[in-house]
Structure formats: C-alpha cells, structure tokens
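The values are calculated or read from the model by the stated rules, or taken from the named source; none is laboratory data. Quick caveat: nothing in here was measured; it's all calculated off a predicted structure. Every residue, glycine as well, gets a Cβ built from its backbone with ideal geometry; the counts of neighbours run over all protein chains shown. With ligands, DNA and RNA removed, areas are computed over all heavy atoms of the protein, side chains included. Shrake-Rupley method; radii C 1.70, N 1.55, O 1.52, S 1.80 Å.
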Amino acid sequence: MKFRHRFFFLSLFFFTIGNYATAQQKEADSLQVLIQAASSDTQRINLQLKLVNIFRSSKPDEGEKIAAVALTKSLETKYKKGEGFALNALGTIQDARGNYDSALILYQQSLAVFESADIEEGKAAALLSIGNYYYYQSDFIKGADYMLQSLRLYEKLNDKAGLASALNNLGSLYNDKKDYRKALEYYNRALVIKKELNQPRSLATTLLNLGNVYYDLKIMDSALLWYQQSLDNATQYDNKRLIASARSNIGNIFFDKKQYKEALVEYEAALEIDKERGNQEGIGVSNLNTGHAYLMLKQYDVSIPMLKEGLQMLQEVGNKFQEQSALKYLAEAYVAKGEHATAYNYLKQYVAVHDSVYTEESNQRVAEMQTLYETEKKDKEIIILSKEKQVQRRTNIFLIALAALIFLLGLILWSRYRFKQKTNRLLAEKNDELIRLNATKDKLFAIVAHDLKNPLSAFRSITQNLNDNKLQISKEEIEYFVGRM
C-alpha cells in the first residue's frame with residue numbers, strides 16, 4: 001500500500017476570521033501594527049491569535065511565543081475565550097511538529113476551558129482537534145466520535161468555515177476506512193463551502209484529499225488531475241507543506257505505473273521540502289516512499305537504510321498508519337535479499353500494527369456513530385419540519401379567520417350600501433311626488449286666481465263708481481248697482 005499524504009484542518013478559528021490575505025507577510029505586518037494600536041487587552045489577544053494562525057506553519061517558533069503571550073494575558077484578564085483559543089493554538093503548533101501527545105494535552109485543556117465557560121464555537125474547535133489526534137493515532141472510533149461531535153456543533157452554530165474543516169477531516173477518516181462514497185461526500189461538501197466562502201488558500205487541502213480517494217479507487221487520471229490542481233494552488237500561495245504532499249502523491253502515481261525513476265524525482269523533491277521545514281513526519285513519509293522506490297529498483301543497500309530511518313521517525317511520532325507500510329516494505333526488502341528470518345520479524349510486526357488499525361469492532365463502531373449522527377440530523381429536520389407545519393397551520397387558521405372577518409365586513413358594508421340605495425330611491429320618489437304636488441297646487445291657485453279676478457274687478461268697479469258718484473246717483477241706479485253686487 002502506497003502512503004498518500006492526506007490532510008485535515010487543524011481546528012484554529014478565532015471567532016470570525018475572514019479570508020486569507022494574498023500575502024502572508026503583508027497580513028502579518030498589518031496585524032503587528034494593529035496589535036500595537038489595540039485599545040484593550042481583549043482586542044490585542046484576538047489579534048495575536050490571528051497572527052499565530054498565520055505563523056503556526058511558516059514560523060512555528062514565533063507563533064508559539066505569540067500564543068504564549070496571548071495565553072498569559074488571557075489568564076491575567078480572565079478572558080476565557082482567549083485562554084481557550086491560545087491553548088488550542090499552542091496545540092496546533094505541537095501537532096505540526098509531530099509532538100502529538102503534547103498537542104493532545106493542550107487540546108484537552110482548551111476543551112475544558114470552553115466547557116467551563118460554555119463557549120460552543122471553542123468547544124467545536126477543540127473537539128475537532130482532539131478528533132484529529134485520535135485519527136492520526138489510527139484510533140478511528142474516538143476520532144470519529146470527536147469529529148462528529150464537532151460537526152454537530154458547527155451545524156448548530158451555522159459556522160461554515162468550521163463546518164468545512166470538520167467535513168474535510170471526516171472525509172480523511174472515512175477514506176482511510178475505505179468508505180470512499182462517504183469520503184467523497186464529505187470532501188465535496190467541504191469544497192463547495194470553501195468556494196462559497198472564497199478561501200482559495202485552503203482549497204489545496206481538499207483538492208489533495210479528493211485526489212486520494214480517486215487514487216484508492218484506482219482511477220489514476222482523475223487522481224492526477226486533483227493532485228495537479230492541489231499543487232498549482234499550493235505553489236500559487238507558496239504553501240510548502242502542501243507542495244511537498246502533492247509532489248509525493250504525484251510520485252505515487254508514477255510508482256503505480258512502474259515509472260520508478262520519475263517517482264523518485266517527485267519523492268526526493270518532497271523530501272527536500274520536508275527537511276527544509278523540519279517536519280519529522282513528512283521526512284519519515286518521504287523516506288518511506290523513496291526507500292520503496294529504490295526497493296523496486298532493486299537497490300536494497302539504498303532502500304533499507306531509508307526505510308529504517310522512515311520507520312523510526314514514524315514510530316516516534318506515533319503514526320501507526322504509516323508505520324505499518326514501513327514494516328511491510330522492510331519485510332519485502334529482506335525477502336528479496338534472502339534474509340528470511342529478518343523479513344519474518346518485520347512481517348509479524350506489520351500484522352500486529354495492521355490489526356490494531358483495522359478491526360471489525362472499529363468499523364462497526366464508526367458506522368454506528370455515523371448512523372447516530374445521521375439519525376440525529378434527521379430527527380432535527382423532522383422537528384424543524386413539524387414546527388414549520390405548526391406555524392403553517394396557525395397561519396392558515398389566521399388567514400381563514402381573517403378571510404371570514406373580511407367577508408362578514410363586506411357583507412355588512414354591502415347591506416348598508418343596499419339600504420342606502422333603497423333609501424335614496426324612496427327619497428327621490430317622494431321628491432318627485434312633492435314636485436308634482438307643488439305643480440298641481442300652483443296650477444290650482446292660478447285657476448282660482450283667474451276665476452276670482454273678473455268678479456272682483458267688476459265688484460271693485462261698481463264700488464268705485466258708487467263712491468265717486470254717491471251724490472249724483474239716483475235711488476233707482478243705487479238699487480240697480482246693489483242688485484248687481
């Protein structure tokens with residue numbers, strides 16, 4: 001089995017850290033200025049932890065000093081969040097150096113601080129770091145347990161950056177468990193989130209891991225494509241750790257094609273970078289791969305010392321996953337040399353280590369935890385759906401009641417409108433009748449006036465004559481006029 005570099009994110013998230021700057025040194029210089037100008041201890045600690053995040057791979061010694069200062073100040077000011085993340089930062093630096101046991105102690109201290117202060121984002125980061133430790137020790141049961149706890153918290157917090165890290169690390173665990181479908185699912189989910197968050201510097205890790213899955217599936221063209229994308233990205237951002245990993249994994253493809261000399265070019269390039277970085281585990285893996293290539297070229301005197309050196313380094317860092325490969329290759333080398341007793345000794349060690357890494361119980365427990373996680377996730381979805389249905393039901397009842405109220409109000413308004421229309425119509429009819437009556441009255445008075453006018457005029461004329469000629473009128477004329485009247 002060829003060893004492939006697989007990577008996961010060391011959980012180091014400082015609250016709401018954004019995208020990486022295009023130039024690490026420029027970002028570091030800017031942070032140094034901000035640290036000097038910080039107006040409070042809390043602000044200064046947060047900025048220092050961001051600076052540690054930049055230095056932990058490129059300048060681990062400097063990063064460690066800054067993290068220690070941040071931890072001291074956090075303890076003095078009782079700033080629990082700063083204390084927890086400073087401990088986690090120190091753990092990641094020990095992790096990068098291959099000091100895994102020291103890293104675990106710091107991660108556990110970090111988790112204890114976050115639990116005491118009930119800081120969920122910190123708990124998620126510490127749980128993921130602890131899960132990484134157990135995964136590196138090939139304890140897949142504990143590794144999966146802690147990683148899934150972290151994943152649940154990141155989902156609860158809707159922390160997409162943390163979620164991408166947890167998904168990536170779970171992908172690595174399931175890839176090593178040979179559950180490639182689940183590994184691809186997690187890696188692709190992580191890749192989508194990282195692209196969504198616009199984190200180009202971190203893409204190389206997931207691209208490399210996707211290549212590993214296709215490598216294990218023996219789809220070499222796809223594996224090479226993902227590795228090359230990872231190498232291009234790592235080269236663009238001068239990420240030497242991932243440059244070494246990508247070249248080593250590309251070397252594995254040449255190896256599988258039996259192009260051992262071409263594979264050696266890639267392995268030796270990776271070895272030089274790992275030596276430059278002082279990465280003990282990386283050196284161990286590169287020695288392992290280089291020694292294996294020389295073994296296939298039948299250069300045993302070169303191969304065996306390199307394999308032994310790689311084995312020693314891998315045993316020192318406690319990485320059983322790579323250790324089993326070194327033991328297997330040494331057994332093969334001594335068989336080729338005809339030293340069967342030595343070969344048998346290495347083979348027994350290989351079987352013991354291999355059995356401790358892959359056990360039926362481990363497979364079953366990890367599967368059970370995955371099922372538990374998915375069941376919990378579905379239960380949460382059911383609860384959310386139930387709540388949504390209740391809200392929808394209440395909304396529907398409210399809308400029905402509102403519609404009934406509007407209908408009733410409309411009915412009342414319509415009834416009032418009809419009543420008003422009827423009243424207006426009756427008033428109009430009465431008004432027309434009154435107009436007709438007034439016209440009839442006027443006509444009647446006109447007729448009466450006309451009928452009275454002539455008699456009254458005649459009466460007035462007679463009385464006027466009598467008044468004007470009372471002395472000259474005879475008795476007979478008076479009797480005549482009175483008779484007329």
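Using only alpha carbon pairs under 8 Å that are at least six residues apart, calculate the relative contact order of the chain and give it in whole percent. Before the final figure, lay out the partial values.
Numbers: 584 pairs, mean separation 52.3, N = 485.
It rounds to 11 percent for the chain.
Mind putting a number on the dipole of the range 81-191 about its Cα centre? Charges go on the C-beta only, +1 for Lys and Arg and -1 for Asp and Glu, and I need it in Debye to the nearest 20.
360 debye
Take ALA341 and ASN424, extend 7 Å from each Cα along the Cα→Cβ direction, and tell me the distance between the two endpoints in nm.
12.2 nm
Choose one of GLN36, ILE93, ALA331: the residue whose Cα lies farthest towards the positive end of the charge dipole of the chain (beta-carbon charges +1 Lys, Arg; -1 Asp, Glu; about the Cα centre).
Of the options given, the answer is GLN36.
Rounded to a whole number, what % of the accessible area of the range 32-136 do carbon and sulfur atoms account for, probe 1.4 Å? Show your work: numbers first, answer last.
Numbers: 2100 of 4200 Å².
Its accessible area is 50 percent carbon and sulfur atoms.
Bin width 5 Å, alpha-carbon pairs only: give the P(r) of the range 242-363 as whole percents, running from 0 to the bin holding the largest distance.
2, 13, 20, 23, 20, 14, 7, 2, 0
Excluding ligands and nucleic acids, what accessible area in Å² is computed for THR440 using a 1.4 Å probe, to the nearest 10?
90 Å²
Given the peptides 262-270, 123-131, 431-439, arrange them by the average over their residues of other C-beta atoms within 10 Å, most packed first.
Values: 262-270: 21.2, 123-131: 27.8, 431-439: 10.0.
Per-residue mean Cβ counts within 10 Å order the peptides as 123-131, 262-270, 431-439.
What ranking, highest mean first, results for peptides 179-189, 246-256 when packing means the other Cβ atoms within 10 Å averaged over each residue?
Highest mean packing first, the order is 246-256, 179-189.
Rounded to whole Å and sorted largest first, what semi-axes of the equivalent ellipsoid does the C-alpha gyration tensor of the chain yield via the square root of 5 times each eigenvalue?
Whole-Å semi-axes of the equivalent ellipsoid: 104, 27, 22.
Taking the Cα centroid of the range 36-53 and of the range 413-450, what is the distance between the two, rounded to the nearest whole Å?
92 Å
May I ask you to give the solvent-accessible area per residue for the chain, in square angstrom, as obtained with a 1.4 angstrom probe?
53 Å²
Over the range 73-160, what is the mean sequence separation of C-alpha contacts under 8 Å (at least six apart), divided by residue count, expressed as relative contact order in percent?
Result for the range 73-160 is 23 percent.
In deg cm²/dmol and to the nearest 500, what is the mean residue ellipticity at 222 nm of the chain if only DSSP H runs of at least 4 residues count, each as -39500 (n - 2.57), divided by the residue total?
-29500 deg cm²/dmol
Which order do the peptides 455-466, 308-319, 141-152 take when ranked by the mean count of other beta-carbon atoms within 10 Å per residue, highest first?
Put in order of decreasing packing, that is 141-152, 308-319, 455-466.
Run the simple label-point estimate for THR72 and PHE407 please: 7 Å along Cα→C-beta, distance reported in nm.
7.8 nm
Rounding to the nearest 10 and keeping the result within 0 to 90°, find how far the Cα-based axis of helix 203-216 lies from the longest principal axis of the chain.
Long axis of 203-216 versus the principal axis of the chain: about 60 degrees.
Of all the accessible heavy-atom surface of the range 142-271, with the other protein chains kept in place and a 1.4 Å probe, what percent is carbon and sulfur?
Answer for the range 142-271: carbon and sulfur cover 51 percent of the accessible area.
In nm, to one decimal, how far is the ALA449 label point from the ASP301 one, both placed 7 Å along Cα→Cβ?
It works out to 15.4 nm between the two label points.
Identify, among TYR107, LEU452, GLN137, the residue whose Cα sits farthest towards the positive end of the charge dipole of the chain, taking +1 on the Cβ of Lys and Arg and -1 on the Cβ of Asp and Glu, with the dipole about the Cα centre.
With unit charges placed on the Cβ atoms, the residue in question is LEU452.
Among GLN312, ASN424, VAL391, which residue has its Cα furthest toward the positive end of the charge dipole of the chain, with +1 on Lys/Arg Cβ and -1 on Asp/Glu Cβ?
ASN424
What's the carbon and sulfur percent of the range 376-485's accessible surface, probe 1.4 angstrom, rounded to a whole number?
Carbon with sulfur: 64 percent of the solvent-accessible area.
Which of LYS178/LYS328; LYS123/LYS320; LYS195/LYS258; LYS59/LYS328 have a Cα-Cα distance over 30 Å? Walk me through the intermediate numbers first.
Working: LYS178/LYS328 19 Å; LYS123/LYS320 27 Å; LYS195/LYS258 36 Å; LYS59/LYS328 35 Å.
Pairs exceeding the cut-off: LYS195/LYS258; LYS59/LYS328.
Using alpha carbon coordinates only, what is the Rg to Rh ratio of the range 205-248, with Rh defined as the Kirkwood radius? Before the final figure, lay out each step's value.
Details: Rg = 9.7 Å, Rh = 9.9 Å.
Using Cα coordinates only, the ratio equals 0.97.
Using 10 Å bins from zero, what percent of all Cα-Cα pairs in the range 92-250 falls into each bin?
Bins of 10 Å from zero give 12, 36, 39, 12, 1 percent of pairs.
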